[in-house]
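Step one of this worksheet: look at the structure below.
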Amino acid sequence: MKQSNSAPRQAYKVWDRTTRIFHWLNVICVLLLIVVGVIILNATMLGVSPEGKVSLKILHVYIGYIFTLNLLWRLVWGFVGGKYSRWKSILPGGKDYIKQSSAYVDGFRKGDAPAYKGHNPLGRIMIAVMLFLLSAQMVTGLVLAGTDLYFPPFGHEFAEWATGAGENHSMLIGLEPGQKEMLDPEGYASMREFRAPFVEIHEIIFYLLMLAIVLHVAAVVITEVRERSGLVSAMFSGIKYLDKKPVD
Ligand code: HEM
């Protein structure tokens, strides 16, 4: 591997504490959501009872709430956080973005990619895609939590829809929609019709997220092996080690 422009490695403070906590909490939540989600998806094949499936959905939603709060905080942090955590530094675009991207690809091919303290130009595309997929999964998940379990934040409205306005729908909240006698057949049917595309989108995004996670981990490993910048440990310590002057 070519090591041109080599200089003594220098430590740079990059990721602030909020970003690091977000990252690892997000990893834990997403992994748990995937595991419970896969069981829900294959519940029939795995012989899970209907009551068991409801419990799994409740567990999935509780983890989903932690995931949601963490993600929302990160989206806000994009406006107020440290320099390298801000939208300007993590999304593709801005002045010289195309030029920097082609310089990065050229350098990467020659084994001498320019160094970045924050995300490199290609990394920014990956981050944008992942944050978009996570946000879409959060929104569709919250809708499903409302339509399937009548859980907040939208459960009240969906229960009202399913039972007909004016009914005492509070008893539905948190229960499996098995209380058929409380439901207004037409309202329930139209609510389920509204729900259908959200289940499909939630499932499609789940597959896209799995693909994005594999690509993200592969990109991190390849960059770390080439750059030896301590990319992975930087997400714990906040510090990266570069042997070239960083572009940013
Ligand atoms: C990265 C985040 C997430 C992943 C990877 C994920 C994954 C999955 C998967 C694979 C399923 C099974 C799909 C199916 O049965 O068709 C599922 C179902 C579900 N998810 Fe998520 N999920 C995530 C986030 C959330 C969030 C944030 C919530 C709500 C707070 C949520 C609520 C639900 C609900 C209620 C179901 C049951 C839907 C059904 O009836 O099938 N999910 N999720």
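Checking GLY78 against (1) open to solvent by 60 Å² or more (accessible area, probe 1.4 Å); (2) within 16 Å of ARG20 (Cα to Cα), which single condition isn't satisfied?
(1)
Collect the residues in the range 210-248 that are surrounded by 15 or more Cβ atoms within 10 Å (Cβ to Cβ), free of Cβ contacts under 8 Å to residues at least 24 places away in the same chain and not acidic (Asp, Glu), keeping them in residue-number order.
Result: VAL220, GLY230, LEU231.
Would you kindly identify the helices (runs of 4 or more DSSP H) lying entirely within the range 87-154 that contain at least 1 residues that are within 19 Å of the chain's Cα centre (by Cα)?
Filter on the range 87-154 gives 87-90, 121-149.
What residue, among those in the range 196-209 that are touching a helix residue (DSSP H, G or I) at 6+ places or on another chain (Cβ under 8 Å) and more than 8 Å from the ligand (Cβ to nearest atom), is least open to solvent (accessible area, probe 1.4 Å)?
It comes out as PHE198.
Inside the range 209-246, can you point out the residues that are in a loop (DSSP other than H, G, I, E, B) and under 22 Å from the mean Cα position of the chain (by Cα)?
Hit for the range 209-246 is GLY238, nothing else.
Scan the range 10-40 for residues that are among the hydroxyl-bearing types (Ser, Thr, Tyr) and under 20 Å from ILE213 (Cα atoms) and jot them down.
THR19, the sole residue that qualifies.
Within the range 73-121, how many residues turn out to be without any contact (Cβ under 8 Å) to a residue 60 or more places away in the chain and within 16 Å of the ligand (Cβ to nearest atom)?
Looking only at that region, the number is 2.
Condition first: within 13 Å of the ligand (Cβ to nearest atom) and either of a type in the set (Asp, Glu) or open to solvent by 40 Å² or more (accessible area, probe 1.4 Å) (or both). Now tell me which residues in the range 46-57 satisfy that.
LEU46, VAL48, PRO50, LYS53, SER55, LYS57
Go through (1) surrounded by fewer than 16 Cβ atoms within 10 Å (Cβ to Cβ); (2) in a helix (DSSP H, G or I) for HIS60 and report which single condition fails.
Result: HIS60 fails condition (1) only.
Do we find that GLU193 is more than 25 Å from the chain's Cα centre (by Cα), open to solvent by 60 Å² or more (accessible area, probe 1.4 Å) and under 30 Å from LYS180 (Cβ atoms) in this structure?
Here the answer is yes, as GLU193 does meet what is asked.
List pairs: first in the range 40-54 and closer than 20 Å to GLU203 by Cβ, second small (Gly, Ala, Ser) and open to solvent by less than 80 Å² (accessible area, probe 1.4 Å), Cβ under 6 Å, 6+ apart or cross-chain?
LYS53/ALA43
The values are calculated or read from the model by the stated rules, or taken from the named source; none is laboratory data. On a predicted model such as this, the values are computed, not experimentally measured, just so you know. So basically every Cβ, Gly included, is an ideal-geometry build from the backbone, and we count neighbours across all protein chains shown. These area figures cover heavy atoms from the full protein model, side chains too; ligands, DNA and RNA do not enter into them. Shrake-Rupley method; radii C 1.70, N 1.55, O 1.52, S 1.80 Å.
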